[in-house]
1. Which members of segment 156-206 meet the condition of being exposed (fewer than 13 other Cβ atoms within 10 Å of the Cβ) and closer than 26 Å to residue 93 by Cβ?
2. Quick check on segment 24-45: of everything there that is within 17 Å of the chain's Cα centre (by Cα) and assigned to a loop (DSSP other than H, G, I, E, B), which residue is surrounded by the most Cβ atoms within 10 Å (Cβ to Cβ)?
3. Please go through segment 73-99 and give me each residue that is hydrophobic (A, V, I, L, M, F, W, C), part of a helix (DSSP H, G or I) and in contact with a helix residue (DSSP H, G or I) (Cβ under 7 Å, 6 or more places away or on another chain), ordered by number.
4. Can you go through 36, 17 and tell me which one is within 30 Å of residue 151 (Cβ to Cβ) and of a type outside the set (Ser, Thr, Tyr)?
5. Given the options 58, 97, 66, name the one that is surrounded by 13 or more Cβ atoms within 10 Å (Cβ to Cβ), modelled with pLDDT of 95 or more and not assigned by TED's automatic domain parsing to the domain that holds residue 16.
6. On the basis of being of a type outside the set (S, T, N, Q) and assigned to a loop (DSSP other than H, G, I, E, B), does residue 70 make the cut?
7. Quick one: count up the residues across segment 104-124 that are surrounded by 11 or more Cβ atoms within 10 Å (Cβ to Cβ), over 16 Å from the mean Cα position of the chain (by Cα) and either in a helix (DSSP H, G or I) or basic (Lys, Arg) (or both).
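The values are calculated or read from the model by the stated rules, or taken from the named source; none is laboratory data. Remember, it's a predicted structure, so these values are computed and weren't measured experimentally. No Cβ is skipped: glycine too gets one built from the backbone with ideal geometry, and neighbour counts run over all protein chains shown.
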Amino acid sequence: MKLYFSPGACSLASHIVAREGKLDVQLSKVTFGDGVRTTAEGEDFYQVNPKGGYVPALRLDSGEVLAEGVAIMQYLADQSAEDMMPSKGSMEYYRELEWLTFISSEIHKGFSPLFNSALPADQVDAQKKKIMGRLTFVEAELGKREYLNGDSFTIADAYLYTILRWSKKFDMDLSGQPNITAFMTRMDAREGVKTALQEEGLETFGG
C-alpha cells in the first residue's frame with residue numbers, strides 16, 4: 001500500500017494509524033504548487049485523487065485508490081492485527097464512529113477557514129472561539145479516561161491529535177485544558193506517533 005501525504009496535514013492521522021498498526025505502508029509526499037500537486041514519483045496528484053487533489057489518499061495493492069481520511073483510517077485498522085477499533089456491533093464501535101464524525105465536522109472543519117490568510121481578523125477570532133467551545137466537551141470527556149473511547153488508543157485519537165497540532169500554527173493556547181494537554185503528551189510518547197512524525201520531519205506537539 002502507498003499513502004499519499006503532506007507533512008503535518010490531516011493525512012498525518014492516517015500515517016499514525018499505519019505506524020501504530022505496524023503495517024507495511026509506503027509513503028509518497030505530495031508537493032503543493034501554484035495550481036499543481038505532484039507526488040514524489042512525479043505523478044499529477046489530481047489524477048490520483050480527482051476529488052479536489054487533497055490528501056490523504058491510499059493506493060491499495062490492487063491499484064485501487066481510497067480517499068477520505070476517516071475511511072482510510074478504518075481500512076488500515078481493519079488490515080492490522082493491532083486493536084485500534086472496537087468490535088463491530090458493540091456500543092464502543094458506535095461511540096468510535098460518533099467521535100470520528102464529531103472531530104471531522106466540528107473540529108477539523110472548524111480549523112479549515114483559518115488556513116485562508118485573507119480571512120478578516122474578527123472572523124479569525126470568532127472561528128477560534130468556536131473551536132475552543134467544541135474543545136470544552138473534549139476536555140470534559142478526557143477527564144474520564146486516557147483516550148477518547150476508553151483507556152487504549154483508537155483511530156479517533158490519531159485524528160484528534162493531528163488536528164489539535166494545528167492549534168500552535170494559529171496561536172491557540174490549550175494550556176487551560178489540562179486533560180487535552182495530558183492527552184497530547186501521551187500521544188507524543190507513542191512509538192507509532194514518533195515514527196510518523198520523524199518520517200514527516202515534524203516535532204512532537206510538546207516540542
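1. Once the filter is applied, which keeps residues that are exposed (fewer than 13 other Cβ atoms within 10 Å of the Cβ) and closer than 26 Å to residue 93 by Cβ, segment 156-206 yields only 191.
2. 30
3. 73, 76, 77, 99
4. Numbers: 36 fails: within 30 Å of residue 151 (Cβ to Cβ).
Of the residues listed, the single one that is within 30 Å of residue 151 (Cβ to Cβ) and of a type outside the set (Ser, Thr, Tyr) is 17.
5. Values: 58 fails: not assigned by TED's automatic domain parsing to the domain that holds residue 16; 66 fails: not assigned by TED's automatic domain parsing to the domain that holds residue 16.
Of the residues listed, the single one that is surrounded by 13 or more Cβ atoms within 10 Å (Cβ to Cβ), modelled with pLDDT of 95 or more and not assigned by TED's automatic domain parsing to the domain that holds residue 16 is 97.
6. Numbers: of a type outside the set (S, T, N, Q): yes; assigned to a loop (DSSP other than H, G, I, E, B): no.
Judged against the criteria, residue 70 is not a match.
7. Number satisfying all stated conditions: 4.
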